[in-house]
Amino acid sequence: MAKLMVPEGYESFLKSLKDRVQAAQLRAALSVNRELVLLYWSIGRDILARQKDEGWGAKVIDQLADDLRREFREMTGFSPRNLKYMRTFAAAWPDEAIVQQLVAQIPWGHNIRILDYVKGQSEREWYVRATIQNGWSRNVLVHQIESGLYRRQGKAPTNFTRTLPAPQSELAQQVVKDPYNFEFLTLAEEAKERDLERALIDHLRDFLLELGVGFAFVGSQYPLEVGGQEFRIDLLFYHLRLRAFIALELKREEFKPEFSGKMNFYLSAIDDLLRHPNDQPSIGVILCKSKNKVVAEYALRDLGKPVGVSEYRVTGRLPKRLQESLPTVEQLEAELKEESKG
């Protein structure tokens, strides 16, 4: 069959229809998820009430599971284990309004992970909100919980409230963590700043995940020419939500007050040479092996540019002398082969 000659504007019309169908499919999926979570919460609530008021034991849940699966063979959510999760879920979120307005916005599997990994109510609510805001997959959610993001987000000493207008200062504060978790790296104790920088670039995907949503990588050792001299920023990013450049300086030592003066200089140069008129003021983050919080706060107090100071954590590599004393994989394999012969 010959293809019909489409009229002008057909392709754009077709694209708009496809976009509308996909948007409707997404809304339907979200609606189905919300109704499912609300159903599970109501089942859990009723089980709790029966056990409290009528003394139902644990075996009743097994019977309920059998009867529900027999009646609804096409549904997979009525195992005894999942019914117990429904009961735990209802106990964790007794306020139906919170469930409807907040918790039901994330998938059931995400809610189970939060129940399993997070015990405090305020912390659970924080991870629910963060999942909604950032669109985390289940695996990313678990990673963020295991890395202790709740305790690290927005905790770095900064001067943002004095150097940035609201609400930009609040948003910037929440972007900066303390400490940063670089446990996907393995560095020797004697590694230098450039070794850390190269390792982060080699693991850029993990690095961006740890930095958080909104960071776009611009470059490493990014050159800036000032007064006929060239200066280089360790790592330069652009934050899509803040609409601002973020410069990162890496230090394999404890924070020193002079680090903040150097960062202030870099930010002045970025604002003059790179910043677009619609961009917000550029922000600096100094990542150090350690810091004295009081010293950092004094160093930032009268600084003109927005700067934060954070620590980072990496996995230590065994010292060379210990590495040499340990058997290699090949040596272990040969040893096992000899033992198996015996």
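The values are calculated or read from the model by the stated rules, or taken from the named source; none is laboratory data. What you see is a predicted model, and the numbers here were worked out from it, not measured in a lab. Virtual Cβ from ideal backbone geometry, glycine too; neighbours counted across all protein chains shown. Remember, those area values only see protein heavy atoms, side chains included, never the ligands or the DNA or RNA. Shrake-Rupley method; radii C 1.70, N 1.55, O 1.52, S 1.80 Å.
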Return the residues of the stretch 118-158 that are modelled with pLDDT of 90 or more and among the aromatic types (F, W, Y); say none if nothing qualifies. W126, Y127, Y150
Report yes if L48 is free of Cβ contacts under 8 Å to residues at least 12 places away in the same chain, more than 30 Å from L171 (Cα to Cα) and surrounded by 13 or more Cβ atoms within 10 Å (Cβ to Cβ), otherwise no. no
Take F89 and decide whether it is over 15 Å from the mean Cα position of the chain (by Cα) and part of a loop (DSSP other than H, G, I, E, B). no
Sole miss for Y180 among (1) within 13 Å of the chain's Cα centre (by Cα); (2) open to solvent by 10 Å² or more (accessible area, probe 1.4 Å) is condition (2)
Regarding the stretch 170-189, can at least one residue be identified that is modelled with pLDDT of 85 or more, over 21 Å from W136 (Cβ atoms) and part of a strand (DSSP E or B)? no
Does L83 qualify as being surrounded by 14 or more Cβ atoms within 10 Å (Cβ to Cβ) and more than 19 Å from G109 (Cα to Cα)? no
Would you confirm, using the coordinates I've provided, whether A269 is modelled with pLDDT of 95 or more and either over 18 Å from A156 (Cα atoms) or open to solvent by 90 Å² or more (accessible area, probe 1.4 Å) (or both)? yes
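Taking the stretch 20-47 only, how many residues are of a type in the set (A, V, I, L, M), under 15 Å from N111 (Cα atoms) and either touching a Ser or Thr at 6+ places or on another chain (Cβ under 8 Å) or at pLDDT below 85 (or both)?
1
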Could you check the stretch 236-245 and list, in sequence order, the residues that are open to solvent by less than 100 Å² (accessible area, probe 1.4 Å) and under 13 Å from I283 (Cβ atoms)? L236, F237, Y238, H239, L242, A244, F245
Residue selected from the stretch 286-302 under the condition open to solvent by less than 40 Å² (accessible area, probe 1.4 Å) and assigned to a helix (DSSP H, G or I), by the criterion nearest to L164 (Cα to Cα): L300
Return yes when G227 is modelled with pLDDT of 90 or more, at positive phi and open to solvent by 40 Å² or more (accessible area, probe 1.4 Å) and no when it is not. yes
I114 passes all but one of (1) assigned to a helix (DSSP H, G or I); (2) at pLDDT below 95; which number fails? (2)
Within the stretch 59-86, how many residues are assigned to a loop (DSSP other than H, G, I, E, B) and under 37 Å from the mean Cα position of the chain (by Cα)? 6
The one condition T131 fails out of (1) open to solvent by 80 Å² or more (accessible area, probe 1.4 Å); (2) within 25 Å of the chain's Cα centre (by Cα) is (1)
Select from the stretch 261-296 the residues that are touching a Gly at 6+ places or on another chain (Cβ under 8 Å) and under 18 Å from P179 (Cα atoms) and list them in ascending order. I283, G284, V285, I286
Which residues, taken from the stretch 263-285, are out of contact with any Phe, Trp or Tyr (no Cβ under 6 Å at 6 or more places or on another chain), under 14 Å from L235 (Cα atoms) and in a helix (DSSP H, G or I)? M263, Y266, L267
Looking only at the stretch 192-226, count every residue that is without any contact (Cβ under 8 Å) to a residue 40 or more places away in the chain and touching a Ser or Thr at 6+ places or on another chain (Cβ under 7 Å) and tell me the total. 1
Determine whether the stretch 234-248 contains at least one residue that is in contact with a strand residue (DSSP E or B) (Cβ under 7 Å, 6 or more places away or on another chain), part of a helix (DSSP H, G or I) and small (G, A, S). no
